[in-house]
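Input: a single structure, listed below in structure tokens.
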Amino acid sequence: MAEAGAISAASTMKVAVVQTETARNTVNYEGRALNKLKYDDRVGAVVETLSGEFDVTVIGDGGLGNLAELSKYDVVVAPRLLTTTAKQRWAIREYVTRGGGFVGSFGASRWDYVSGRSPHPYEPIITLWQFSDSWDMSRAWEWGEVSEFYQVKFNNDPLMYGGYQVGSSSAAHPITTWTKQDLGVSSLSMGAKLGDYNELAFTMPGNANVTPLLTYSTRSNSSSADDGAHGSMAGWAAPYYYGRVVYFGFQLHDLMYSDLHADYNTRKTAQRFMVNAVRWAGSTAVYGGVIKRPELSANAWFTRGKLYVNETVKNAGNVQLRGRLMVHVYDPSGGLVYSGTAKNQPIPLPPLATYTLKSWQPSLGTPAVGTWTVRLSYEYYDYFRGGTVTTTRDLYMTSTGSAMSMKGHGAQVWPNAACVPYGTQVAGPTRYETCVALSKQSHPDGVSDSGAVILATGANYPDALAASTLAGQLDAPILLVPETMLSGSVAGELVRLYAGKEFAKVYVMGGRGAVSNAVVAAAVATIVNDGGNSIGSGDVDVTRYAGANRYETAAAIARAVETPEEGTYAKTAIIVSGQNYPDALAISPFAAASGVPILPVLAGQTPDVIKATLRELGVEHCIIVGGTGVVGSALESWLESSGHRVGGVADNTSSPDVRLHGPDRYATGLQVLEFTSGTDGFDDGTLYVATATNWPDALAVGPLAGAAGTPLLLLNGEDISYSPAVATYLLQQRGSPPEITAVGGDGAVDVFVRSQIGVALGH
């Protein structure tokens with residue numbers, strides 16, 4: 001498949017069109033008078049259309065079930081592929097998951113093929129959907145393994161009568177936009193001359209990935225019998241993991257070719273739709289934001305010799321799950337006494353839906369005294385965790401020998417065994433040990449010639465972030481300390497930093513409520529008495545920058561560091577929200593490297609002390625980090641009108657008068673990363689990554705990253721799927737993957753996320 005990040009040119013995009021024996025035989029088996037075209041003719045219509053635009057190859061059953069073969073192509077197109085084997089469905093799903101494009105047209109695939117099955121080898125893949133009344137799909141067919149990337153709820157195959165139409169939905173999508181442009185029209189419509197069977201499918205609540213492309217219009221045809229399908233979704237597009245899927249629930253392949261089925265305008269529209277569907281499915285790789293998170297719970301009771309268990313699985317993710325819900329009961333000695341699988345088949349779960357299997361009934365007779373374990377489990381597919389995996393949660397029952405009562409649930413255990421973390425890690429068991437680890441990395445030989453170290457509270461973030469510029473100027477590490485005591489790890493690091501040194505400068509960020517005098521005194525005493533150096537009490541210079549609040553403290557630091565006098569960022573300041581930390585965290589390496597001070601503001605107001613500092617420093621340019629929700633447009637106008645920001649300069653340019661922002665903290669962080677990467681001395685061939693949902697571990701990384709010229713990438717430390725823009729960015733670096741160092745322990749950037757980073761980068 002095409003390398004992630006590269007848009008395949010139409011002339012070089014490799015496309016496989018599926019023509020299989022199993023599908024041909026199924027069409028013949030299910031053939032009806034309405035199906036006027038043979039299977040080979042249908043496939044030929046698609047091949048003929050696509051061959052004028054792409055490098056097209058026809059593949060059969062062997063290729064369809066071979067992941068290595070499929071991976072040679074940017075896009076696989078499956079017209080009327082009614083039948084597949086489990087092996088083929090697995091290969092198709094894996095192909096899409098890893099970055100392939102898939103375009104299906106009616107019935108791909110709805111039948112399970114098993115050689116030798118009687119009375120015929122073609123059976124619908126049937127599964128039970130049992131939810132609330134609104135989700136009652138107990139008679140529905142389901143597509144098996146490939147249903148996971150279709151991400152829709154399927155209803156049935158209504159017969160739509162001659163004259164039914166298919167038109168564009170109201171949702172915007174590149175496929176429809178490109179098709180309108182190609183045809184020079186403002187709306188899209190295709191009319192089918194003959195009636196045929198088509199599929200009805202519906203998007204599911206909680207799934208934001210599916211974009212409707214087309215809808216059915218059946219009220220203008222010769223019968224009212226199909227009016228129930230009017231307005232339903234006829235085609236959709238969706239990203240899934242690293243691939244893209246387009247599906248047409250109607251016989252698009254017929255409308256592309258046959259005069260019997262369609263007039264000239266419809267044929268042209270259908271052909272352009274197919275071409276543009278392939279074009280989109282094979283275009284630049286984008287992460288689909290797949291969150292797979294089944295959550296297990298249960299209640300249980302014992303009566304008349306039986307243990308009754310109601311087991312529930314909830315889909316707390318954003319795409320369909322399809323897995324086996326199981327229970328295992330263990331006696332107090334650990335022996336397995338019962339196991340069962342719900343319905344003996346996979347249970348599909350739309351996003352946000354729950355499924356409960358009521359009253360498992362293991363017969364225990366007289367239960368042994370002690371603690372029994374009821375192990376709940378759900379087996380499902382998760383590419384990031386290594387394929388088909390099982391998540392478990394234990395329910396405990398206390399037995400007296402004649403009665404049992406619930407003792408409570410254990411934590412849910414996620415399957416991380418297959419996760420291989422990518423890159424290196426700088427971390428300690430707490431925020432204080434993490435900053436010590438960062439200090440050891442940035443200053444392996446002790447403090448720099450400045451003799452400086454910076455102390456800031458580890459109980460809050462503003463002071464340490466505002467100190468990034470000062471730390472850069474002094475080439476000093478930032479050490480986080482508790483408010484009222486000096487931790488042993490920080491004391492030990494002070495000893496290491498000043499071993500063999502002759503003087504020390506200790507800079508304290510914030511007032512005594514942030515870093516107490518007792519902590520400062522303990523730090524000085526540690527340096528003087530325990531350092532193995534020639535530093536006396538008179539050789540330690542202590543400077544405190546403090547104010548009544550975070551804004552005054554930041555102003556004091558900014559006045560001390562001033563602004564650069566020359567160069568690209570002369571007379572420049574960084575404006576960030578003083579009410580949250582991600583934006584300042586993202587820009588801290590740049591601040592440390594460039595010497596540009598960080599000034600916090602309120603969303604709609606500039607504190608007086610910050611205004612005074614801007615005037616005192618003669619600031620003429622401002623880099624604003626964050627959208628107008630955190631740094632308001634009125635404040636931006638004030639900066640411009642007050643001479644602190646050149647007006648009329650477009651945002652997101654190389655000018656220092658720029659606003660770096662995105663729709664969320666992750667997108668804003670990427671804007672900062674892109675801006676930083678364009679700065680002299682910075683190289684995005686190496687990256688520090690830190691969580692954007694908590695601040696302690698990454699507070700001290702700014703000076704280290706700035707000195708190394710390494711941008712900081714902020715992501716969700718629990719699951720990269722919660723920061724899909726970051727996953728897409730990493731995916732697009734596969735051609736030249738950066739070196740990665742995660743900042744913080746597994747509680748900050750989980751081993752699962754470090755593994756996801758590797759997957760995104762192609763490792």
Which listed residue, of Gln361, Gln345, Gln320, is at pLDDT below 95 and open to solvent by less than 20 Å² (accessible area, probe 1.4 Å): Gln320
Lone unmet requirement of (1) open to solvent by less than 60 Å² (accessible area, probe 1.4 Å); (2) under 30 Å from Val278 (Cβ atoms); (3) modelled with pLDDT under 85 for Trp141: (1)
Criterion: open to solvent by less than 40 Å² (accessible area, probe 1.4 Å) and in a loop (DSSP other than H, G, I, E, B) - qualifying residue of Gly513, Gly547: Gly547
The one condition in (1) outside any helix (DSSP H, G or I); (2) closer than 30 Å to Glu145 by Cβ that Pro429 fails to fulfil: (2)
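Taking region 244-291 on its own, how many of its residues are in a helix (DSSP H, G or I) and closer than 15 Å to Thr179 by Cα?
If we filter region 244-291 for residues that are in a helix (DSSP H, G or I), which is where we start, we get 252-255, 264-281.
Subsequent filtering for residues that are closer than 15 Å to Thr179 by Cα retains 252, 265-281.
Summing the residues that are in a helix (DSSP H, G or I) and closer than 15 Å to Thr179 by Cα in region 244-291 gives 18.
Applying the selection to region 518-559, what residues are of a type in the set (D, E, K, R) and touching a Gly at 6+ places or on another chain (Cβ under 7 Å)?
Answer for region 518-559, where residues must be of a type in the set (D, E, K, R) and touching a Gly at 6+ places or on another chain (Cβ under 7 Å): just Arg550.
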Matching residues, region 188-202, being open to solvent by 60 Å² or more (accessible area, probe 1.4 Å) and either under 17 Å from Ser105 (Cβ atoms) or assigned to a loop (DSSP other than H, G, I, E, B) (or both): Lys193, Tyr197
Residue ID - least open to solvent (accessible area, probe 1.4 Å), chosen from residues in region 152-187 that are of a type in the set (Ser, Thr, Tyr) and in a loop (DSSP other than H, G, I, E, B): Tyr164
Where Ala91 falls short, out of the listed (1) modelled with pLDDT of 95 or more; (2) open to solvent by 10 Å² or more (accessible area, probe 1.4 Å): (2)
Hits in region 203-236 - residues which are in contact with a Lys or Arg (Cβ under 7 Å, 6 or more places away or on another chain) and either part of a strand (DSSP E or B) or under 26 Å from Pro294 (Cβ atoms) (or both): Met204
Condition broken by Ile623, with the remaining ones in (1) in contact with a strand residue (DSSP E or B) (Cβ under 7 Å, 6 or more places away or on another chain); (2) outside any helix (DSSP H, G or I); (3) open to solvent by 40 Å² or more (accessible area, probe 1.4 Å); (4) among the hydrophobic types (A, V, I, L, M, F, W, C) satisfied: (3)
Filtered residues of region 278-294 (kept if buried (at least 22 other Cβ atoms within 10 Å of the Cβ), of a type in the set (Val, Ile, Thr) and more than 23 Å from Pro79 (Cα to Cα)): Val290
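Suppose we filter Ala573, Ala586, Ala555, Ala560 for residues that are under 15 Å from Gln473 (Cβ atoms) and open to solvent by less than 10 Å² (accessible area, probe 1.4 Å); which single one remains?
Going through Ala573, Ala586, Ala555, Ala560 in turn, the sole match is Ala573.
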Residue selected from region 395-411 under the condition open to solvent by less than 40 Å² (accessible area, probe 1.4 Å) and in a loop (DSSP other than H, G, I, E, B), by the criterion farthest from Gln320 (Cα to Cα): Gly401
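Residues are listed down the side, and each one gets a yes or a no for (1) farther than 26 Å from Ala705 by Cα; (2) touching a residue at least 60 places away in the same chain (Cβ under 8 Å); (3) aromatic (Phe, Trp, Tyr); (4) out of contact with any helix residue (DSSP H, G or I) (no Cβ under 8 Å at 6 or more places or on another chain):
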site: Pro477; (1), (2), (3), (4): no, yes, no, no
site: Met485; (1), (2), (3), (4): yes, no, no, no
site: Val490; (1), (2), (3), (4): no, no, no, no
site: Val495; (1), (2), (3), (4): no, no, no, no
site: Ala499; (1), (2), (3), (4): no, no, no, yes
site: Glu502; (1), (2), (3), (4): yes, no, no, no
site: Ala521; (1), (2), (3), (4): yes, no, no, yes
site: Asn529; (1), (2), (3), (4): yes, no, no, yes
site: Val540; (1), (2), (3), (4): yes, no, no, no
The listed residue being under 38 Å from the mean Cα position of the chain (by Cα) and either open to solvent by less than 40 Å² (accessible area, probe 1.4 Å) or modelled with pLDDT of 95 or more (or both), out of Thr388, Thr392, Thr371: Thr392
Filter result for the condition that a residue is open to solvent by less than 10 Å² (accessible area, probe 1.4 Å), touching a Cys at 6+ places or on another chain (Cβ under 6 Å) and closer than 17 Å to His661 by Cβ, over Leu639, Leu635: Leu639
Unique residue being among the small types (Gly, Ala, Ser) and at pLDDT 95 or above when the list is Ala476, Ala466, Ala499, Ala514: Ala476
Unmet requirement for Met485, which otherwise passes all of (1) in a helix (DSSP H, G or I); (2) modelled with pLDDT under 95; (3) open to solvent by 10 Å² or more (accessible area, probe 1.4 Å): (1)
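Being of a type in the set (Ser, Thr, Tyr) and under 23 Å from Val519 (Cα atoms) is the filter here; which residues of region 552-576 pass it? Talk me through it step by step, then tell me what you get.
Going residue by residue through region 552-576, those that are of a type in the set (Ser, Thr, Tyr) are 553, 563, 568-569, 572.
Of everything in region 552-576, just one residue is of a type in the set (Ser, Thr, Tyr) and under 23 Å from Val519 (Cα atoms), namely Thr553.
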Residue match in region 14-27 (condition: open to solvent by 30 Å² or more (accessible area, probe 1.4 Å), modelled with pLDDT of 90 or more and either in a helix (DSSP H, G or I) or of a type in the set (A, V, I, L, M, F, W, C) (or both)): no
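Looking at region 691-722, which of its residues are among the β-branched types (Val, Ile, Thr), outside any helix (DSSP H, G or I) and more than 18 Å from the chain's Cα centre (by Cα)? Steps first, please.
Of all residues in region 691-722, those among the β-branched types (Val, Ile, Thr) come to 691, 693, 701, 710, 720.
Restricting the remaining residues to those that are outside any helix (DSSP H, G or I) gives 691, 693, 710.
The one that is among the β-branched types (Val, Ile, Thr), outside any helix (DSSP H, G or I) and more than 18 Å from the chain's Cα centre (by Cα): Thr710.
Could you grab me the full set of residues in region 260-273 that are in contact with a helix residue (DSSP H, G or I) (Cβ under 6 Å, 6 or more places away or on another chain) and either open to solvent by 40 Å² or more (accessible area, probe 1.4 Å) or within 21 Å of Val76 (Cα to Cα) (or both)? Give the steps one after another, and end with the answer.
Going through region 260-273, the residues in contact with a helix residue (DSSP H, G or I) (Cβ under 6 Å, 6 or more places away or on another chain) turn out to be 261-262, 266, 270-273.
Across region 260-273, the qualifying residues are Ala270, Gln271, Arg272, Phe273.
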Filter pass, Ser439 being more than 11 Å from Leu479 (Cβ to Cβ) and touching a residue at least 12 places away in the same chain (Cβ under 8 Å): no
From Gly446, Gly458, Gly401, residue being at positive phi and touching a Phe, Trp or Tyr at 6+ places or on another chain (Cβ under 8 Å): Gly446
Pairs with Cβ under 6 Å, 6+ apart, first in region 627-639 and more than 17 Å from Leu614 (Cα to Cα), second surrounded by 19 or more Cβ atoms within 10 Å (Cβ to Cβ): Gly627/His661; Val630/Ser577
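Being among the β-branched types (Val, Ile, Thr), in contact (Cβ under 8 Å) with a residue 24 or more places away in the chain and in a strand (DSSP E or B): is that true of Ile757 here?
Values: among the β-branched types (Val, Ile, Thr): yes; in contact (Cβ under 8 Å) with a residue 24 or more places away in the chain: yes; in a strand (DSSP E or B): no.
Here the answer is no, as Ile757 does not meet what is asked.
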Selected residue (criterion: most open to solvent (accessible area, probe 1.4 Å)) from residues of region 723-763 that are β-branched (Val, Ile, Thr) and over 18 Å from the mean Cα position of the chain (by Cα): Thr741
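The values are calculated or read from the model by the stated rules, or taken from the named source; none is laboratory data. Because the structure is a prediction, the values reported are computed rather than measured. With ideal geometry, Cβ positions are generated from the backbone for all residues, glycine too; neighbour counts draw on all protein chains shown. Surface areas here come from the heavy atoms of the whole protein model, side chains and all, with no ligands, DNA or RNA. Shrake-Rupley method; radii C 1.70, N 1.55, O 1.52, S 1.80 Å.
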